[in-house]
1. Compute a Gaussian network model of chain B, connecting alpha carbons closer than 10 Å, and tell me which residue from B:Arg213, B:Arg153, B:Arg179 fluctuates the most.
2. Normalising by the residue count of the range A:320-529, find the relative contact order in percent from Cα pairs under 8 Å and 6+ residues apart.
3. Taking a cut-off of 18 Å between Cα atoms, list the aspartates and glutamates near A:Lys100, but don't count ones fewer than 8 places away on the same chain.
4. So what is the 222 nm mean residue ellipticity for the protein assembly as shown from helices alone, if each DSSP H run of at least 4 adds -39500 (n - 2.57) and you divide by all residues, rounding to the nearest 500 deg cm²/dmol?
5. Dipole of the range A:320-529, Cα-centred, from +1 at each Lys and Arg C-beta and -1 at each Asp and Glu C-beta, to the nearest 20 debye?
6. From the cross-link list B:Lys123/B:Lys151; B:Lys11/B:Lys71; A:Lys337/A:Lys409; A:Lys198/A:Lys261; B:Lys48/B:Lys71, which pairs have alpha carbons spaced over 26 Å apart?
7. Multiply the residue gap between A:Glu573 and A:Ser453 by 0.36 nm, knock off their C-alpha separation, and tell me the result in nm, one decimal place.
8. Let me cross-check B:Val66: its accessible surface, 1.4 Å probe, with only protein heavy atoms counted, in Å² to the nearest 10?
Amino acid sequence: MSRGFYFRLALQNMKKNKRTVWPYLCTCVCSVMMYYFMSFLTLNPGLAKMPSGHNVQSIMTMGTAVITIFSLIFLFYTNSFLMKRRKKELGLYNILGMEKRHIGRALFYETLVSGAVSLALGLFLGILGSKLVFLLLLKLLSFPVKLGFFVSVKSIVRAMALFGAIFLLSYLNNLRQIHMANPAELLRGGNVGEKEPKTRWLLVLVGLLCLGAGYWIAVTTESPMEAISYFFVAVVLVMAGTYCLFVAVSVAALKMLRRWKSFYYKTSHFTAVSGMIYRIKQNAVGLANICILSTGVLLMVSTTICLYVGREEIIAGRYPQEVNLTAYRADDESFQKIEEIEAQTLEEWGLTPINSMFCRSAQVAVLDTGDEMKILSGDDNPAKDMGKIAGVAFIPLKDYNACMGEDRKLKPGEALFFANQKKKDGRKELNIDGERWAVAEELDDFFLEKKVSSPQINGYYLVVDDMEAVVRIAKTSNIFEGICYQKSYNLSGDPTVFEEAERQLEESVNQALEGEAYVHVGGRELNRESFYRTYGGLFFLGIFLGALFLMATALIIYYKQLSEGYEDRRRFEIMQKVGMSKREVRRSISSQILMVFFLPLVTAMMHIGFAFPLMKRLLALLYLYNVRLFAVCTLATIGCFALVYGVIYALTARTYYRIVN
Amino acid sequence: MSILEVEHIQKVYATRFGGNQVQALTDVSFRVEQGEYVAIMGESGSGKTTLLNILAALDKPTRGQVILNGKSLSMIKEKELAAYRRKNLGFVFQDFNLLDTFNIQDNIFLPLVLAGESYETMKSKLHPIAQQLRIEEILHKFPYEASGGQKQRAAVARALISGPQLVLADEPTGALDSRAAGDLLTAFQEINEKGQTILMVTHSVMAASRASRILFIKDGQVFHQIYRGGKTDEELYGMISDTLRVLATGGDRYE
């Protein structure tokens, strides 16, 4: 037979199966396009040249990796799903006299055509759209917009290599499937006799335990430090729990409903419950996938949006005043040197400090057991008591009074006490390494820190009468050596020179005091740019990957609708024959379909609800303490997502009804 | 008393663009009395299935009318049709048409559940029928676990459970082996003896020979009918065979 024959056959097959082939091709094209976008941004020389562009590019590199892995898994999975549906068709060819190698050849051309079309169209759209995406990124990062057009040949080559490999793998897998099966099996294809799913109690138990444990971790983890280390444990547990939930728990629950006679034998429940058992069985893994992808999208988008929107707040939280200068291991002499340089620099730029605050402190890390705070030294390894670690700063009363403009008095052994958690600490006496301090007053506000609901680390401040005590405490811990000098102020003058002035201050101070003390100059203007780049980049990545995952979700839903439709057609006919009206059948089926497709969404929302406390603590690590903002971002994201999900559902449901009727 | 009156039914199918017209039924009239067991025979394409669909109110005749228990089917509103069918007609199909998502018992309950009956009522209605059809042991099995004969008896139970005026059977023995077919026909006979009216469409001489009357359809018309009138099954079998031979060789109409 001539070569052209197989090629024509392949094209014809694709045309005939357009209901399944088109969405697959679209997904391939989109994946190629998105891969090109990401790769293009990673390799864009224009971005690399911009200040802190490397930050952004390392975020994009991460994004490229995610897209690579995702495309590989997802396209491979989709292809094998399509192959399963086509078994009957291929079995027919086999019986009509085509050998397996002939079928293989037809499949080869099919893969070749889909691969070529996806790559050509995907790269074309990618190159065309890359400028737009680049401009969007620059806007998000508040970079100045640059004109010019750039085509990344390297990205094109990489995309071709990656997706070429994916298509080759899919082809090999298809061949394997054909060679494994005999014609009769191929003919029978999808509809092998249906057995009722068994209740797998072990999986039910494992699922409930995993889910419960994951939720428990998410809700009860108090310290943000612990939140980091437990986050992935919780994610894995909840993922495992989700699979078990869909595979086993749902079946068990439905069977229980079936045993409840007075509920089960009702017109509206009868067909729904028994139908759901089968539907769930066939779709459990797909639904769990949808659920996990949705949860991923929601988490990613809501947190990155929240960080992006709240970036000014983050900066304000991180830097209470315009300039924040901290010197460790310093003494009065070296601090004087710093102040001289400071005065000189500010004068050069025509700036004057206002609202200046200065205080000295001794800072120690402690293990807070409630009764006692044990001061830690550098040799201690408190990893397992992560949540009990706290920071304590001792501040002389003199500095406190000067900053606050008050004139308080304290007796020896007495202290003013401030804790940074939202709730009042309530301790009347503190025992720090055996030394007891009576709390004269627990303060509600403190000039160095604000109270927040979940601080990164519990911080306590003790204002004591005597500088001697501060010096003595400073010597007990070898983590923060010596007295810490803190000075902060706002600037008055031309705001456009703040950034340069701060940079110069940082450089000259560090130069002058090298080896003498460690000085950190934190300026809002100095750091604003890097915050903007990082959070803008993350936001972009969140939206981008969110879109990718959403596309995957849409495709899975579409294919589920299709296969549901083919399965239901027969059931639909029988029900009509035994005396259900068309309307009744339609209502019963649409309610089942609705349940099946909205179950993952509802479960995803539940996951998000339980993840909220944990995410809140993780955001606190990034200096975002505004829980309300996060709640609003999360709700808005869920709202938008539910809307898009609904639209996807409605569109795909039309295909379903077209098949069934 | 006639339970079913079929008056001058004609059914014409038009191809999609109104081109060729195909006449499936030309002019069919007959009556079925209460408690009768009627078999309708005819070759493929003789219009049997069309007739059955019209009797089942799944299809509408082009002309003529069907009167079930004094009520014309064409008078029933589209919305009430499903409920009417559920209540007054029982169906037995060649390929059983059991739902694989239900066990046998729930399959039988389906029409009653749709009618909104309570579980206790259904259970009490099921018991005598299940006993008569000898399916008590398989009530909790699923269709894929049951044999063809069992499945068909379950389908008969489903047709009977709502106490219909008329049971319509479409080639009920078509997918069964001869033993299962024999069992099923015996069951039909027993049911009929208890007063149930049955109308069966069939190809099988064996099946038809168990009925109390046989109608022959050819070219969309009732061509001939045979009454049992005290004959044995074997005698009836012979007469049906003869009639079919005449039909096949294109003999003219004779009474």
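1. Sorting by GNM fluctuation, first place goes to B:Arg179.
2. Working: 411 pairs, mean separation 81.4, N = 210.
Relative contact order of the range A:320-529: 39 percent.
3. A:Glu89, A:Glu110, A:Glu185
4. Values: 29 runs with 540 residues, N = 916.
That calculation yields -20000 deg cm²/dmol at 222 nm.
5. On the way: 24 positive and 42 negative charges, 215 e Å.
Taking the Cα centre of the range A:320-529 as origin, the dipole is about 1040 debye.
6. Details: B:Lys123/B:Lys151 19 Å; B:Lys11/B:Lys71 20 Å; A:Lys337/A:Lys409 31 Å; A:Lys198/A:Lys261 20 Å; B:Lys48/B:Lys71 23 Å.
Too far apart for the 26 Å limit: A:Lys337/A:Lys409.
7. Stretched out fully, the A:Glu573 to A:Ser453 stretch lengthens by 37.2 nm.
8. 10 Å²
The values are calculated or read from the model by the stated rules, or taken from the named source; none is laboratory data. Note that the structure is a prediction, hence the values are computed from the model and not measured. No Cβ is skipped: glycine too gets one built from the backbone with ideal geometry, and neighbour counts run over all protein chains shown. Ligands, DNA and RNA are excluded from the accessible area calculation, which covers all protein heavy atoms including side chains. Shrake-Rupley method; radii C 1.70, N 1.55, O 1.52, S 1.80 Å.
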